[in-house]
Amino acid sequence: MLERILPTGEKVDAFPLATPQQFMLFMSMQYGADYPVNNIGSGYYWQGEMDFDLMKDAVEEAIARCDTMRMRFMPDEQYKVLQYITPKSEMQIETWDYSDMPLEEAHQKLLEFSHKQIPMFFCEIHTIKLMKLAEGYNGIFMKLHHLAMDAFSVKVFLRDIMELYLHKLKGTPYPKPMRPYIPALMKELAYLKSEQYAADKKYWEESLSKTSEPIFTDYMLENRLTIQRKEHPTHRFADIHSGSPAAKAKIFDMTEEETDALSKMCRENDLSLCAALSMGVRTALSVFNNNEEDVSFKMIVDRRGSLSEKKSGGIRINFFPMRSIIKPEMTFAEAVRDIMDVQNEIYSHCSLSFAEMLAERHKSMPADAKPDSTYDSMGFSYQPLMIIPNVDEKTARSAKGVWYNNGASMIPLYLTAKHRANDGGLEFIFEYRLTPNPEHDLDVFFEKMRAALNLGAADPNIKVSEILEKCTIKNGD
């Protein structure tokens with residue numbers, strides 16, 4: 001804890017940034033004001049009445065209960081940026097009435113607002129508006145700062161708002177308290193001097209710098225490693241990070257029935273849905289790369305094991321390299337179990353910063369590898385189902401969660417699998433850089449991924465070789 005004085009003369013307790021915050025700050029500084037990578041734009045809407053006065057009260061109370069919704073930042077000579085928590089929010093919870101315009105136009109306006117840079121120091125960093133939309137939709141729009149919140153903490157905060165709203169509206173039980181942020185932050189900062197840090201560093205040293213060299217597997221049909229091998233025939237890595245971070249998003253869906261079948265198969269075979277979805281991703285990558293057995297991608301994990309970590313807000317995401325070598329004679333279930341075992345082993349060592357993991361990886365890379373040379377063409381994360389309560393079942397079935405792409409991506413392709421608010425079916429958000437444009441490739445990629453998942457859900461004992469054969473890329477794909 002550091003005592004600092006604000007421009008108003010007020011003394012505050014300030015704290016250094018945790019490792020995930022430092023990473024996000026570095027990325028925002030690298031890309032500049034034109035690419036607001038730290039903006040999180042999201043909305044939660046439903047068809048039905050909303051008591052706007054009660055909802056305003058609920059939002060204000062939820063902000064008072066969540067420390068990171070009252071987070072501020074300040075510049076600092078020693079630490080560059082410090083964070084502190086204000087006792088009271090100054091946020092104005094206004095109502096925006098877009099009900100006179102088509103839904104698509106309203107969402108476009110909110111998307112454009114989500115792209116606007118958030119001021120950094122000594123000020124509110126979050127925005128929340130109550131929304132009136134066309135076709136009888138009402139709800140909440142949020143534009144939040146990624147140094148203070150991540151996807152998981154946004155959902156926990158939204159659930160708290162809705163539970164408070166229903167308590168005020170219908171007398172449902174008052175929600176259990178949130179947890180304080182500073183103790184969780186102090187634990188994060190103490191990690192860097194802990195025995196666990198030393199153990200994690202040793203684990204990644206042995207896992208990355210002392211194993212065989214992986215091979216780059218591309219999500220582009222025009223394989224970039226193949227192109228680069230014309231000049232460097234022995235390369236197993238590729239250089240794909242040059243160019244603008246300007247990005248768009250493309251969304252695909254699995255039906256509720258497909259999702260239920262996949263979830264049921266996982267339950268019956270004691271498999272995690274995250275590992276099954278990872279199998280879908282790596283199968284599509286394998287198909288795109290001549291049925292390659294050795295597939296790697298970046299896995300994004302939200303490190304929240306305890307109740308304190310889950311309910312204290314903040315950002316706890318980290319990246320790690322997810323490598324799997326799946327033989328064609330294995331069954332779908334066996335392959336998923338292999339992936340699950342790798343993920344479970346890694347999860348206990350995933351607090352080491354991604355920069356340190358990359359440093360370990362580069363120790364074993366060929367001498368001509370660049371600092372951003374990679375074996376991973378894309379990143380993947382899965383957001384488990386979190387039920388957001390609503391007024392009644394009819395209203396809940398109309399609910400929509402909307403993610404507003406901020407127009408920039410830190411990596412060439414970032415795939416997020418999440419559950420739709422209304423029916424729990426899986427939604428796949430592909431955030432992709434515009435150069436080179438992979439839009440057609442993503443249509444094919446999702447088709448192969450979906451097919452693999454459906455084949456595995458229908459028969460977990462199907463051979464991987466059969467899946468690859470059924471998912472072969474054909475002329476016209």
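So how many residues does the range 287-316 have that are open to solvent by less than 10 Å² (accessible area, probe 1.4 Å) and either of a type in the set (Asp, Glu) or more than 17 Å from Gly379 (Cβ to Cβ) (or both)? Summing the residues that are open to solvent by less than 10 Å² (accessible area, probe 1.4 Å) and either of a type in the set (Asp, Glu) or more than 17 Å from Gly379 (Cβ to Cβ) (or both) in the range 287-316 gives 3.
Report, by residue number, each residue of the range 240-261 that is of a type outside the set (Val, Ile, Thr) and out of contact with any helix residue (DSSP H, G or I) (no Cβ under 7 Å at 6 or more places or on another chain).
Selection gives His241, Ser242, Gly243, Ser244, Ala246, Ala247, Lys248, Ala249, Asp253, Glu256, Glu257, Asp260.
Looking only at the range 339-362, which residues are open to solvent by 70 Å² or more (accessible area, probe 1.4 Å) and either over 27 Å from Arg304 (Cβ atoms) or of a type in the set (Asp, Glu) (or both)? Once the filter is applied, which keeps residues that are open to solvent by 70 Å² or more (accessible area, probe 1.4 Å) and either over 27 Å from Arg304 (Cβ atoms) or of a type in the set (Asp, Glu) (or both), the range 339-362 yields Asp341, Glu345.
Search the range 317-342 for residues being outside any strand (DSSP E or B) and touching a helix residue (DSSP H, G or I) at 6+ places or on another chain (Cβ under 6 Å), and hand back the single one that is farthest from Met378 (Cα to Cα).
For the range 317-342, the residue satisfying everything is Met330.
Listed by position, the helices (runs of 4 or more DSSP H) inside the range 105-224 whose residues that are touching a helix residue (DSSP H, G or I) at 6+ places or on another chain (Cβ under 7 Å) and within 30 Å of Val281 (Cα to Cα) number at least 1 are 151-170, 195-204. Cβ-Cβ distances below 7 Å connect the following pairs, each with a first residue in the range 104-126 that is touching a residue at least 40 places away in the same chain (Cβ under 8 Å), a second residue that is open to solvent by 40 Å² or more (accessible area, probe 1.4 Å) and of a type outside the set (Asp, Glu), and a separation of six or more residues or different chains: Gln117/Ala33; Phe121/Pro75; Phe122/Pro7. One residue stands out among those in the range 1-30 that are without any contact (Cβ under 8 Å) to a residue 24 or more places away in the chain and in a strand (DSSP E or B): the one that is surrounded by the most Cβ atoms within 10 Å (Cβ to Cβ), which is Ile5.
Against the condition over 24 Å from Leu185 (Cα atoms), free of Cβ contacts under 8 Å to residues at least 60 places away in the same chain and not hydrophobic (A, V, I, L, M, F, W, C), how does Asp294 come out, does it pass? Against the criterion (over 24 Å from Leu185 (Cα atoms), free of Cβ contacts under 8 Å to residues at least 60 places away in the same chain and not hydrophobic (A, V, I, L, M, F, W, C)), Asp294 does not qualify. Tell me, which residue of the range 423-477 that is acidic (Asp, Glu) and modelled with pLDDT under 95 is nearest to Thr331 (Cα to Cα)? So the residue we want is Asp477.
Here the range 31-56 is the region considered, the condition is being hydroxyl-bearing (Ser, Thr, Tyr) and open to solvent by less than 40 Å² (accessible area, probe 1.4 Å), and the residue that is nearest to Ser409 (Cα to Cα) is Ser42.
The residue of the range 222-248 that is modelled with the lowest pLDDT, among those that are open to solvent by 40 Å² or more (accessible area, probe 1.4 Å) and within 25 Å of the chain's Cα centre (by Cα), is Ser242. Across the range 321-338, the qualifying residues are those that are open to solvent by 20 Å² or more (accessible area, probe 1.4 Å) and in contact (Cβ under 8 Å) with a residue 60 or more places away in the chain, and the one among them that is farthest from Lys298 (Cα to Cα) is Glu329.
With the structure loaded, tell me whether Glu94 is of a type outside the set (A, V, I, L, M) and modelled with pLDDT under 95 or whether it fails that test.
Working: of a type outside the set (A, V, I, L, M): yes; modelled with pLDDT under 95: no.
So Glu94 fails the test.
A residue that is of a type in the set (A, V, I, L, M, F, W, C), modelled with pLDDT of 95 or more and farther than 26 Å from Glu205 by Cα occurs somewhere in the range 287-297. Quickly run through the range 306-316 and pick out the residues that are assigned to a helix (DSSP H, G or I) and charged (D, E, K, R). Selection gives Glu309, Lys310, Lys311.
Condition check ((1) in contact with a Phe, Trp or Tyr (Cβ under 8 Å, 6 or more places away or on another chain); (2) assigned to a helix (DSSP H, G or I)) across all residues:
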{"residue": "His241", "(1), (2)": "no, no"}
{"residue": "Thr259", "(1), (2)": "no, yes"}
{"residue": "Lys264", "(1), (2)": "no, yes"}
{"residue": "Cys274", "(1), (2)": "yes, yes"}
{"residue": "Met279", "(1), (2)": "yes, yes"}
{"residue": "Arg282", "(1), (2)": "yes, yes"}
{"residue": "Val287", "(1), (2)": "no, yes"}
{"residue": "Ile300", "(1), (2)": "yes, no"}
{"residue": "Arg304", "(1), (2)": "yes, no"}
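The residues of the range 269-278 that are touching a residue at least 40 places away in the same chain (Cβ under 8 Å) and either open to solvent by 10 Å² or more (accessible area, probe 1.4 Å) or closer than 17 Å to Arg420 by Cα (or both), listed by number, are Asn269, Leu271, Ser272, Leu273, Cys274, Leu277.
Name the single residue, out of those in the range 88-125 being farther than 14 Å from Tyr404 by Cβ and under 23 Å from the mean Cα position of the chain (by Cα), that is surrounded by the fewest Cβ atoms within 10 Å (Cβ to Cβ). Among those that are farther than 14 Å from Tyr404 by Cβ and under 23 Å from the mean Cα position of the chain (by Cα), it is Pro119.
Restricting Tyr79, Tyr45 to those that are touching a strand residue (DSSP E or B) at 6+ places or on another chain (Cβ under 7 Å) and over 24 Å from Asn405 (Cβ atoms) reduces the list to Tyr79. Considering only residues in the range 60-85 that are of a type in the set (Val, Ile, Thr) and within 18 Å of Phe152 (Cα to Cα), the one that is surrounded by the fewest Cβ atoms within 10 Å (Cβ to Cβ) turns out to be Ile63.
The values are calculated or read from the model by the stated rules, or taken from the named source; none is laboratory data. In this text, all values refer to a predicted model and were calculated from it rather than measured experimentally. Glycine also receives a Cβ, built like all others from the backbone with ideal geometry; neighbour counts cover every protein chain displayed. Quick note on the areas: whole protein, heavy atoms, side chains included, nothing else; ligands and nucleic acids left out. Shrake-Rupley method; radii C 1.70, N 1.55, O 1.52, S 1.80 Å.
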